[in-house]
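The values are calculated or read from the model by the stated rules, or taken from the named source; none is laboratory data. Worth saying up front: this structure is predicted, and the values here are computed from it rather than measured. Positions of Cβ are generated from backbone atoms using ideal geometry, with glycine treated the same way; all protein chains shown enter the neighbour counts.
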Amino acid sequence: MDLIVMRHGTTNWNEQNIIQGRSQNRLSVRGIKVAKEAAEKLAYEKIDVIYCSPLFRAVQTANIVNKKQNVKIVKDERLTEIDQGIFTGRKKASLTPTEKEMRDAAGPGTKIEHCEHVIDRVEEFLDFLRDNEKCENVLVITHDICALAIKDLIDGINRDINDYRKLHLLKNAEFIKLKLERGNVYADKIVKILTKERKTISFMESCTGGALANEITNVSGSSEVFKFGAVTYSNEFKQKLGVDESKIKNYSVYSQEVADSMSMTISKFTSSDFGVGITGKLCAPDPANIDGEDNVVFISVYDKAKNEFLKKRVQVFCKSREKNKKIVIKNAEKLILNAIK
């Protein structure tokens, strides 16, 4: 899929260096001019559909560009600007040093959206395009932090999360061209790397119910690297496979310690080079296991050669268990990639 990612045109607040966040500002006279100039450049590009942030400055930019294209415009909340909380409407120059630190850290009481959440929702949007969008030429009109996240996710760049508040990719009404590959790029990479390195992997899944194994086995050639997948939904069968009972009693079955035990156990049980363990609560509390955090899933990847664990705690917010599973699986696949590279 050919993707063009564009930042909205200039607003008066851009020109006055005022923090916009999710305010509904219109384009300035200059903003309309640069949006029209961008539309002229894009007139020579094939565009089948436009996705844009629902904020007015992005919608207005999309409408200007679309006069040359006449295609469908789809507003998507996942492309909206980062919420700047209590600092929305403030001039950047008016912030005290303490306020700047609070804003950069998205500290308690600021109501600022964390950069991690921005990246997560942008990644969900890209996954949606891969899986659902039939068009091959897509224009995305969004905000600078979202544009940077899109580029990093497509290019596989894993930068310091704090950089997203400091770095700028696009000026107003600028755009870049990217190539978005369809399919499960993470699973494909996992199988290719393991095949090249002649390594094997096995999984012990609980709350994801075999979804990770399903993703990997959808890739051609996975039988060369994937040895075994176990869905140990109950404590009983976790222990039967070798998970340390004391870890469950001392830390709760929903803990990083148990995820680590699961990943090591399945690696040893199958003589695999890597083992993956996943446990946690996707949605509702579990009356059979009242301990542990709700809406939190723990992932562990065990590297037998190094005798090391790579770990991740994933917080899920969707009401749908299915959507939460997809979020967890994407995080698990990225963790596996970091472990096997």
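For Lys325, are the conditions met, namely being touching a Leu at 6+ places or on another chain (Cβ under 8 Å), outside any helix (DSSP H, G or I) and either touching a residue at least 24 places away in the same chain (Cβ under 8 Å) or under 29 Å from Leu194 (Cβ atoms) (or both)? Considered against the rule, which asks whether it is touching a Leu at 6+ places or on another chain (Cβ under 8 Å), outside any helix (DSSP H, G or I) and either touching a residue at least 24 places away in the same chain (Cβ under 8 Å) or under 29 Å from Leu194 (Cβ atoms) (or both), Lys325 comes out as no. So is Ile299 of a type in the set (A, V, I, L, M) and in a helix (DSSP H, G or I) or not? It is false that Ile299 is of a type in the set (A, V, I, L, M) and in a helix (DSSP H, G or I). In region 212-235, the residue that is surrounded by the most Cβ atoms within 10 Å (Cβ to Cβ) out of those that are over 11 Å from Ser202 (Cβ atoms), more than 26 Å from the chain's Cα centre (by Cα) and at pLDDT 95 or above is Thr232. Against the definition (at pLDDT 95 or above and aliphatic (A, V, I, L, M)), how does Ile248 come out, yes or no? Taking the combined requirement at face value, the residue does not satisfy it. Please indicate, with yes or no, whether at least one residue in region 101-115 is acidic (Asp, Glu), under 25 Å from the mean Cα position of the chain (by Cα) and under 24 Å from Asn172 (Cβ atoms). Yes: region 101-115 contains one or more residues that are acidic (Asp, Glu), under 25 Å from the mean Cα position of the chain (by Cα) and under 24 Å from Asn172 (Cβ atoms).
Could you please let me know if Ser53 is free of Cβ contacts under 8 Å to residues at least 40 places away in the same chain, farther than 23 Å from Val185 by Cα and hydroxyl-bearing (Ser, Thr, Tyr)? Judged against the criteria, Ser53 is not a match. Summed over region 67-100, residues that are among the polar types (S, T, N, Q), farther than 22 Å from Asp127 by Cα and assigned to a loop (DSSP other than H, G, I, E, B) total 5. If we scan region 180-188, do we find a residue that is modelled with pLDDT of 95 or more, over 16 Å from Lys304 (Cβ atoms) and not hydroxyl-bearing (Ser, Thr, Tyr)? The answer is no, given that none of the residues of region 180-188 is modelled with pLDDT of 95 or more, over 16 Å from Lys304 (Cβ atoms) and not hydroxyl-bearing (Ser, Thr, Tyr). Residues satisfying the criterion are absent from region 92-106 (criterion: surrounded by 15 or more Cβ atoms within 10 Å (Cβ to Cβ) and of a type in the set (Val, Ile, Thr)).
Restricting to region 147-201, give me the number of residues that are assigned to a helix (DSSP H, G or I), out of contact with any Lys or Arg (no Cβ under 8 Å at 6 or more places or on another chain) and closer than 26 Å to Met264 by Cβ. Here the count works out to 9. I'd like to check something: does region 295-308 contain any residue that is surrounded by fewer than 24 Cβ atoms within 10 Å (Cβ to Cβ), at pLDDT below 90 and either farther than 22 Å from Phe237 by Cα or among the basic types (Lys, Arg) (or both)? Taking every residue of region 295-308 in turn, at least one turns out to be surrounded by fewer than 24 Cβ atoms within 10 Å (Cβ to Cβ), at pLDDT below 90 and either farther than 22 Å from Phe237 by Cα or among the basic types (Lys, Arg) (or both). If you check Leu139 against the conditions, is it farther than 26 Å from Ala106 by Cβ and either outside any helix (DSSP H, G or I) or touching a Leu at 6+ places or on another chain (Cβ under 6 Å) (or both)? Criteria met by Leu139. Gly292: touching a Ser or Thr at 6+ places or on another chain (Cβ under 6 Å), modelled with pLDDT under 95, surrounded by fewer than 21 Cβ atoms within 10 Å (Cβ to Cβ) and over 20 Å from Lys189 (Cα atoms), yes or no? Yes, satisfied.
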